[in-house]
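The values are calculated or read from the model by the stated rules, or taken from the named source; none is laboratory data. Since the model is a prediction, treat every value here as computed from it, not as a measurement. Cβ: placed from backbone, ideal geometry, glycine included. Neighbour counts: every protein chain shown. Remember, those area values only see protein heavy atoms, side chains included, never the ligands or the DNA or RNA. Shrake-Rupley method; radii C 1.70, N 1.55, O 1.52, S 1.80 Å.
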Amino acid sequence: MNGFFKLVSTFQTQAEPAYCGLTTLVVVLNALSVDPGRRWKGPWRWFDESMLDCCEPLENVKKNGITFSKVSCLAQCAGASVQAFRANESSLDLFRSFVETCASSEDHHLVVSYDRQILKQTGTGHFSPVGGYHRHKDMALILDVARFKYPPHWVPLSLLWEALNSVDEATGKSRGFMMITKRAKPTCFLFTLSCKDQRWRAMCKYLLEEVPYLLKSRGFTTVEEVVYTVFGSLPAEVASFVKWIVEVKPAVNGPIEKVDRDETERLRYKSKVLQQLRQTRALALITKWMEQNSVNSPEDESLQTAILQACCQGAAAFRGSNCYSNVKCFKKDVKESNVTSNGARGEAVVMSSRVLVDGCEQVIDALVPKRPSSGNVGGGSVLQQDGIDQVTLEENAFHPTTRDLLAVLLLALPPSTWEQIPDLSIHAEISRIVSRKELPHELQLEVEHLFEQAFFVSRSCTEEALTEEALIETKN
């Protein structure tokens with residue numbers, strides 16, 4: 001029962017009938033003290049279901065629930081480490097070992113996906129955390145997040161295994177279990193993969209299936225030709241698949257004048273990652289390709305537009321809304337903040353947006369890392385207006401753009417992508433360029449994070465493709 005006390009301290013009831021997967025993750029992530037990377041309410045950094053939307057739009061989850069692979073993707077995206085097992089690819093003995101390991105630990109928690117009907121309960125597929133294990137009776141304690149239906153209850157492990165070892169009719173795949181732990185490194189990332197845009201499936205299929213075939217079937221004389229081949233036929237804008245993370249919070253007592261120590265550290269980390277990325281050969285190749293092929297960044301890529309969208313999403317979350325489509329944003333101001341936690345200045349640019357949510361006006365502050373003006377990409381200039389520092393931005397100095405997203409995606413592609421390149425010297429050179437071992441430490445962590453996300457996204461992509469094929473066969 002070692003893990004029980006951590007879980008029960010964060011235990012809550014799912015907010016929607018189909019939110020069992022999201023609420024289970026919220027309970028586990030908060031029990032592990034995983035930092036969500038933003039504030040929930042007031043000063044508190046705490047996970048809420050509305051934050052778990054990087055792998056599936058909340059509107060879809062509310063309507064249809066969520067699959068096993070998407071839950072594991074969400075846990076990874078939120079900053080945890082995940083080991084996921086389908087029941088048909090595992091065994092009762094292995095499951096029992098994970099149950100005992102997690103029940104005996106405060107920093108390892110087990111999530112189960114099971115069929116309620118096998119437990120003689122109402123409903124079908126369900127997610128909940130396991131809160132304990134009785135070795136003598138071989139029973140597991142289910143902390144059911146649908147507390148309006150069932151209180152925590154003990155289940156014979158063999159019966160629970162039978163409920164796990166069932167097929168989810170929505171996917172045609174077996175249910176299963178996953179062990180979730182906190183990352184050894186603090187959660188602070190600049191980039192993340194997103195499945196919210198429906199075009200992610202086409203992007204996933206192209207990168208994982210079509211690109212290796214293209215590289216195998218063509219002869220290359222330079223690495224530039226390899227990069228051009230990979231990105232010359234993207235099925236959608238890279239920004240629909242790779243996002244950069246903006247930290248937002250409600251403005252309190254007027255314009256922000258300082259950021260705290262933790263915020264300063266996160267901003268410095270993001271700024272350092274951006275600098276390191278812009279010094280890589282990968283980014284130089286992407287820049288050259290964009291210039292030679294007159295590839296322009298999207299019109300809505302400006303920092304002002306990106307921050308406005310982030311503030312709209314943040315405002316909806318702070319108001320407890322799962323949908324920001326009806327949120328109205330207006331008036332954008334850019335100010336440079338004073339960092340007083342260590343006496344430094346100019347660590348961040350704070351952009352404030354006035355947002356209208358459900359008829360209620362909010363002012364949301366977004367913290368954007370500021371690259372030093374001494375870097376190889378220009379900084380900004382500061383003007384005085386009404387006694388407040390106004391920043392004239394050179395966009396590239398403060399935030400990632402399309403070329404940065406393409407470069408980090410190139411670095412995060414699986415090593416197997418390049419294996420079939422016919423020319424051995426070209427294969428060796430591109431492998432050196434994208435080698436994670438050669439990257440600076442912070443950028444290496446960032447790329448490994450994206451690679452791990454891509455693993456879960458690819459599994460989800462494959463699963464959904466097989467599901468669609470099965471549906472088509474059924475209709476035929």
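Worth pointing out:
- Between LEU214 and GLU162, the simple label model (points 7 Å from Cα in the Cβ direction) yields a spacing of 5.1 nm.
- Per-residue 3J(HN,Hα) values for region 150-162, derived from phi via the Karplus relation 6.51 cos²θ - 1.76 cosθ + 1.60 with θ = phi - 60°, read 9, x, x, 8, 8, 9, x, 4, 5, 6, 4, 4, 4 Hz in sequence order (x marks Gly and Pro).
- Here region 2-182 yields Rg over Rh of 0.93, to two decimals, using C-alpha coordinates and the Kirkwood radius.
- Element breakdown for region 2-182 at a 1.4 angstrom probe: carbon and sulfur atoms account for 51% of the accessible area.
- Seen from every direction in turn and averaged, the convex hull around the alpha carbons of region 115-169 projects onto 3.6 nm².
- Inter-label distance for CYS360 and ASP138, nm, one decimal - labels placed 7 Å from Cα along Cα-to-Cβ: 5.3
- For peptides 420-429, 17-26, sequence by mean Cβ density within 10 Å, most packed first: 17-26, 420-429
- 5 angstrom amide H check on GLY125, placed H, neighbours 5+ away: ARG116
- Highest mean first, the peptides 1-8, 172-179 sorted by other C-beta atoms within 10 Å per residue fall in the order 172-179, 1-8.
- 3J(HN,Hα) from dihedral phi, region 217-234, Karplus parametrisation 6.51/-1.76/1.60, rounded to Hz, x for glycine, proline: 8, 10, x, 10, 10, 9, 5, 4, 5, 5, 4, 4, 5, 5, 9, x, 10, 4
- Other residues lying with their Cβ under 10 Å from the Cβ of ALA15 contribute a combined charge of -2, Lys and Arg counting +1, Asp and Glu -1.
- Per residue, the convex hull volume that the Cα atoms of region 16-107 enclose (Å³): 109
- Close amide H contacts of VAL363 (hydrogens built in the peptide plane, cut-off under 5 Å, sequence separation of 5 or more or a different chain): ALA251, VAL355.
- Computed from the C-beta positions of LEU94 and LEU424 and an R0 of 51 Å, the FRET efficiency is 0.80 to the nearest 0.05.
- Here region 197-227 is scanned for amide nitrogen atoms under 19 Å from the site 7 Å beyond the Cα of SER431 along Cα-to-Cβ, giving 212-227.
- From phi via Karplus (6.51, -1.76, 1.60), per-residue ³J(HN,Hα) for region 270-283 in Hz, x at Gly/Pro: 4, 5, 5, 4, 5, 4, 4, 4, 6, 9, 8, 5, 4, 5
- Surface accessible to a 1.4 Å probe, per residue, for the residues of region 2-182, Å²: 40
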